[in-house]
Amino acid sequence: MAMDTTPLMETPIEPQSANVLRTQPVVGADVLVVIPVLNEAAHIEACVRSLMTGDQRLREAGFVVADGGSKDRTREIVEGLRAEFPNLRVMDNPKKLQSAALNLAARDAGAGRRILVRCDAHAVYPANYVMSVADSLGARGVASVVVPMDAAGKTCFQKANAWIVDTPLGSGGSAHRGGRKSMFVDHGHHAGFDLQAFLQVGGYDETFSHNEDAEFDTRLRKADGKIFLDADIRLVYLPRATIGSLARQYFNYGKGRARTLMKHGERPKLRQLIPPATLVACVTGLVIAPLIPAGLILPGGYLMALALASITVAVKHKSLCGLMAGAASATMHMSWSVGFFRQMLKGQKL
C-alpha cells in the first residue's frame, strides 16, 4: 500500500496557543482524557478508577474510552462505570490504532477543551496524574508534557528486562527512561498536549503503528512546539516478560524509527547508530572468522560486555534474575537493528 505523503502541517503553531495555558489556571473542564482500548476487560476498570482518583477538578474533565472493536467485556465494563462517573463515555475507533483513537477523540470530543491527556489502558496511574499533567502544561505554556517511565518486573526475565532497559546499555540513555531531571527534550513518553497545538500539526500520523509518538514530536518541534519532560510525574510500567515478545516489540520499534527518519529526511542520533553498528560488526566478525580468526574479537567483545552487564545487574539487585539482563539487552539491540535495516531497505512503504 502506498503511503500518503501529504504534509500533516504546513505552518508553525500559533503563538497564542502556547501562551494561553500560561496565563490561565487549569480547570477540570479544560481537560480531555483519552484511553484507547481493544479487548482490555482485564485492565480497564482499574485504569479508569486510578485516573478518577484525587483532584476534585476531575469531575468536570472529559474522559473518552476509544474502543477499537473489543470482543470481550470492555465496553460493558465502561458503560457500567458511567453510573459512577457520568463524565465518562465510549467512542468507536474503527481504525483500531492508538494514533487514530487520539486523533478521533481530539477532533470529535475536544470542543471547549484546551488540554489533551493520553493514557494507556494497561496502566494503573498514581493519584492526581491527570491534573498533574494538566497543571504542568498550564504552568509552563508548552505544547507537550512528557513523563519518565520506571520499569518494574514480576517474572525473573521481566525483572532483568526492567533493570537493564532504563540504563544506557538498554535504552541508550533516553531521558524519559527512568530519568530524574526535568528539562526540555526532543522526545519522551507522551502524557499531555495543548489540544490546539496537537490539532494544528495534524495529530498522529495514522500510517504509523509504532513510533507514532516520535514522529509526532518531530513535526511538533519543526512547528516550534516545546516538549517538556516533567520528572516529578512518573509512571511505572511492566516491560515484556519473554524474549519472543520483547524481540517483536523492538523489531517494530526499529521499523518505526527508520520510517520516521526517512519521512523527515533526518539522520539517526549516535545512540541510534550503535545497535545497528554492533549487529554489522558481530555478523562481519563471524563471517570472516574462518579466514581471519581475529574477527571473533568483535562478537566476542560484545558477548563479554553483555556478560559483565549481567553480573553487574545481578550483584546490584542481589538476584540471580539479573543474570538474564544481558540476554534482554541483546534482544533489544539486535531486534531493533534488524527492524531498522529491514525498513530502510523497504523505504517508506508500510
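Against the condition aromatic (Phe, Trp, Tyr) and assigned to a loop (DSSP other than H, G, I, E, B), how does PHE63 come out, does it pass? It is false that PHE63 is aromatic (Phe, Trp, Tyr) and assigned to a loop (DSSP other than H, G, I, E, B). Where helices (runs of 4 or more DSSP H) fall entirely within region 97-184, those with at least 1 residues that are in contact with a helix residue (DSSP H, G or I) (Cβ under 8 Å, 6 or more places away or on another chain) and closer than 28 Å to GLY326 by Cβ are at 156-165, 168-171.
Scanning region 251-282 for residues that are buried (at least 17 other Cβ atoms within 10 Å of the Cβ) and aliphatic (A, V, I, L, M), we see that the one that is nearest to SER337 (Cα to Cα) is LEU279.
Here is a yes/no grid of residues against (1) at pLDDT 95 or above; (2) over 22 Å from the mean Cα position of the chain (by Cα); (3) not charged (D, E, K, R):
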| position | (1), (2), (3) |
| --- | --- |
| MET262 | yes, no, yes |
| PRO268 | no, no, yes |
| LEU273 | no, no, yes |
| ILE292 | yes, yes, yes |
| ALA305 | yes, yes, yes |
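Sub-6 Å Cβ pairs linking a first residue in region 93-106 that is touching a residue at least 12 places away in the same chain (Cβ under 8 Å) to a second residue that is among the acidic types (Asp, Glu) and part of a helix (DSSP H, G or I), at least 6 apart or interchain, are SER99/GLU212, ordered by first then second residue. Against the list (1) in contact (Cβ under 8 Å) with a residue 40 or more places away in the chain; (2) assigned to a loop (DSSP other than H, G, I, E, B), the condition PRO290 fails is (1). Considering region 174-220, the residues that are among the charged types (D, E, K, R), within 18 Å of ARG259 (Cα to Cα) and touching a residue at least 40 places away in the same chain (Cβ under 8 Å) include one that is surrounded by the fewest Cβ atoms within 10 Å (Cβ to Cβ), namely ASP186. Restricting the first member to region 223-240 and to residues that are on the phi > 0 side of the Ramachandran plot, and the second to residues that are among the small types (Gly, Ala, Ser) and modelled with pLDDT of 90 or more, the beta-carbon pairs closer than 9 Å and six or more apart or on different chains are ASP224/ALA143. Quick one: how many residues across region 122-145 are more than 18 Å from VAL27 (Cα to Cα) and crowded, with 23+ Cβ neighbours inside 10 Å? Final tally of qualifying residues: 1.
Every condition in (1) of a type outside the set (Asp, Glu); (2) in contact (Cβ under 8 Å) with a residue 12 or more places away in the chain; (3) surrounded by fewer than 16 Cβ atoms within 10 Å (Cβ to Cβ) is met by LEU298 except one, and the failing one is (3). So which of VAL313, VAL283, VAL287 ends up being closer than 28 Å to GLN348 by Cβ and β-branched (Val, Ile, Thr)? Within the list VAL313, VAL283, VAL287, the selection yields VAL283. When ARG221, ARG248 are checked against the criterion of being under 19 Å from MET332 (Cβ atoms) and part of a helix (DSSP H, G or I), ARG248 stands alone in meeting it.
Within region 202-218, being of a type in the set (A, V, I, L, M, F, W, C), touching a helix residue (DSSP H, G or I) at 6+ places or on another chain (Cβ under 7 Å) and either within 20 Å of VAL33 (Cβ to Cβ) or assigned to a helix (DSSP H, G or I) (or both) holds for one residue alone: ALA214.
Residues in region 232-252 that are at pLDDT 95 or above, under 26 Å from THR207 (Cα atoms) and not polar (S, T, N, Q): 6 in all. All of ARG248, ARG234 fail the test of being farther than 25 Å from PRO275 by Cα and surrounded by fewer than 22 Cβ atoms within 10 Å (Cβ to Cβ), apart from ARG234.
The values are calculated or read from the model by the stated rules, or taken from the named source; none is laboratory data. Since we're looking at a predicted model, the values are computed, not measured. Don't worry about glycine lacking a Cβ; one is built from the backbone with ideal geometry, like all the others, and counts go over all protein chains shown.
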